[in-house]
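The structure appears right after this line, and notes come after that.
The values are calculated or read from the model by the stated rules, or taken from the named source; none is laboratory data. All values derive from a computational prediction rather than experimental measurement. Every residue, glycine as well, gets a Cβ built from its backbone with ideal geometry; the counts of neighbours run over all protein chains shown. Heads up: the accessible areas ignore ligands, DNA and RNA and are worked out on the full protein's heavy atoms, side chains in. Shrake-Rupley method; radii C 1.70, N 1.55, O 1.52, S 1.80 Å.
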Amino acid sequence: MVPFQALLAYGVAVDAVCPGKKSGDICRTAVHQLSGHQTYSESRGHNFALNATFDEIKASKYDGLFIPGGRAPEYLAMNESVLDLVKSFANTKKPIVAICHGQLILAAADVVRGRRCTAYPAVKPVLVAAGAHWEEPETLASCTIDGNLITGPTYEGNPEFIRLFVKALGGSIVGSGKRILFLCGDFMEDYEVKVPFQSLQALECHVDAVCPKKKAGEKCATAVHDFEGDQTYSEKPGHDFTLNANFESVDVSSYDGLVIPGGRAPEYLALDDDVIKLVQEFMESKKPVASICHGQQILSAAGVLKGKKCTAYPAVKLNVILGGATWLEPEPIDRCFTDGNLVTGAAWPGHPEFISQFMVLLGVHVKF
């Protein structure tokens, strides 16, 4: 999801397809992470909605190909239509990027022979057998580029992975170097922290993530909130998110913007006087602030919504109205709004618009 929504936010047209499925169908995703065992753990992730139909696409219409990891590549590598598609991109020298286990498809399509590439370490034997020159990843965020082929070992490398892909597509980043602060807490929504965090890192911004009463290197648990036919969202465990700065050391004057993820964390962060003071400082200084989903509970508690027009997850409407703001209906749910220095969104499907509007306030964009 991070590369998909990041590229959309940068102004790139992106189609997601799956053999045997049509536009509007769902692919289930998995939460893979290292949890102290000898290999990664797996649990159910978000549902990912496809926006194009595999049988209708033509490689000639696209400028690049992206292959995510997970367990899907194990069976997609057995599909001749998938392999023919990959070979079409390889033959035309268009950029191909693959991450984690996605390189299984590259090996099956015989496009890694004689090429330098990396992957999740367990994929090494297959790549070596397929004739690739294996490059051991120094970290799980390391990426390798060889001509039109870009490979990475895990989602931790998304920022560099996305940045290399943007460059391969002919893009350049304008306005990089901004300093952004993320206000985190336990059981914030998984996508709502990871997607904007890594999307901004890919734009060569310096991004710090802090949480009250936690230090750099500690983790926040996240939640996978999804819409699965019930009257409200469902919740499943998400990825653990590693903080990289200390809340107590934050100097608002050293940052150019603030992001407040949603999920359940804002419910208790809104009760923290130091959090309230921090948010008030950002708003009073007119620095860009982007808040999504339940994040607006914090804005309301901080008293910074008076006279503002904003949206939120519909269940937070009462907080917004009582906070003195004019409620803007998020119809559809991916719609976002900007009012002065404030960007608000209702839920993670709106990330492309959410990130794009925040980029405008920061003065950052991708030029193609």
Name every residue in region 307-360 that is assigned to a loop (DSSP other than H, G, I, E, B) and among the small types (Gly, Ala, Ser), in order of residue number. Gly307, Ala312, Gly323, Gly324, Ala325, Gly340, Ala346, Ala347
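Looking only at residues that are open to solvent by 60 Å² or more (accessible area, probe 1.4 Å) and over 17 Å from the mean Cα position of the chain (by Cα) in region 26-39, which one is modelled with the highest pLDDT? Break it down stepwise before answering.
Pass one, region 26-39, residues open to solvent by 60 Å² or more (accessible area, probe 1.4 Å): 26, 28, 34, 36-39.
When the remaining residues are screened for being over 17 Å from the mean Cα position of the chain (by Cα), the result is 26, 34, 36-39.
Values: Ile26: 97, Leu34: 89, Gly36: 88, His37: 93, Gln38: 93, Thr39: 94.
Here the answer is Ile26.
Select, from Ala13, Ala6, Ala52, Ala98, the only residue that is of a type in the set (A, V, I, L, M), within 25 Å of Leu200 (Cβ to Cβ), in a loop (DSSP other than H, G, I, E, B) and modelled with pLDDT of 95 or more. Explain how you work it out, then say what you get.
Working: Ala6 fails: in a loop (DSSP other than H, G, I, E, B); Ala52 fails: within 25 Å of Leu200 (Cβ to Cβ); Ala98 fails: in a loop (DSSP other than H, G, I, E, B).
Going through Ala13, Ala6, Ala52, Ala98 in turn, the sole match is Ala13.
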Region 268-297 - residue that is touching a residue at least 24 places away in the same chain (Cβ under 8 Å) and among the basic types (Lys, Arg) and, of those, most open to solvent (accessible area, probe 1.4 Å): Lys286
Using the structure shown, decide if Val82 is surrounded by 20 or more Cβ atoms within 10 Å (Cβ to Cβ), outside any loop (DSSP other than H, G, I, E, B) and without any contact (Cβ under 8 Å) to a residue 24 or more places away in the chain. no
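Can you tell me which residue among Phe66, Phe48 is under 24 Å from Glu192 (Cβ atoms), free of Cβ contacts under 8 Å to residues at least 60 places away in the same chain and open to solvent by 20 Å² or more (accessible area, probe 1.4 Å)?
Values: Phe66 fails: free of Cβ contacts under 8 Å to residues at least 60 places away in the same chain.
Just one listed residue meets the conditions, Phe48.
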Taking interchain pairs and intrachain pairs at least six residues apart, which have beta carbon atoms under 9 angstrom, with the first residue in region 115-131 and open to solvent by less than 60 Å² (accessible area, probe 1.4 Å) and the second at pLDDT 95 or above and basic (Lys, Arg)? Thr118/Lys124; Ala130/Arg113; Gly131/Arg113; Gly131/Arg115
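How many residues are out of contact with any Lys or Arg (no Cβ under 7 Å at 6 or more places or on another chain) and not charged (D, E, K, R) if we restrict to region 324-345? Break it down stepwise before answering.
Filtering region 324-345 down to residues out of contact with any Lys or Arg (no Cβ under 7 Å at 6 or more places or on another chain) leaves 329-336, 338, 340, 343-345.
Of the ones still in play, those that are also not charged (D, E, K, R) are 330, 332-333, 336, 338, 340, 343-345.
Number of matching residues: 9.
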Enumerate the pairs (first residue in region 166-177 and among the β-branched types (Val, Ile, Thr); second residue anywhere and open to solvent by less than 50 Å² (accessible area, probe 1.4 Å) and not in a loop (DSSP other than H, G, I, E, B)) with beta-carbon separation below 7 Å, excluding pairs fewer than 6 apart on the same chain, so at least 6 apart or on different chains. Val166/Val366; Ile173/Val366
Tell me whether region 196-211 contains one or more residues that are out of contact with any Leu (no Cβ under 9 Å at 6 or more places or on another chain) and either basic (Lys, Arg) or free of Cβ contacts under 8 Å to residues at least 12 places away in the same chain (or both). no
Test Ala265 against the criterion of being open to solvent by 30 Å² or more (accessible area, probe 1.4 Å) and at pLDDT 95 or above, and give yes or no. no
Entirely in region 141-231, the strands (runs of 3 or more DSSP E) that have 2 or more residues that are under 23 Å from Gly263 (Cα atoms), open to solvent by less than 50 Å² (accessible area, probe 1.4 Å) and of a type in the set (A, V, I, L, M, F, W, C): 179-183, 206-210, 222-226
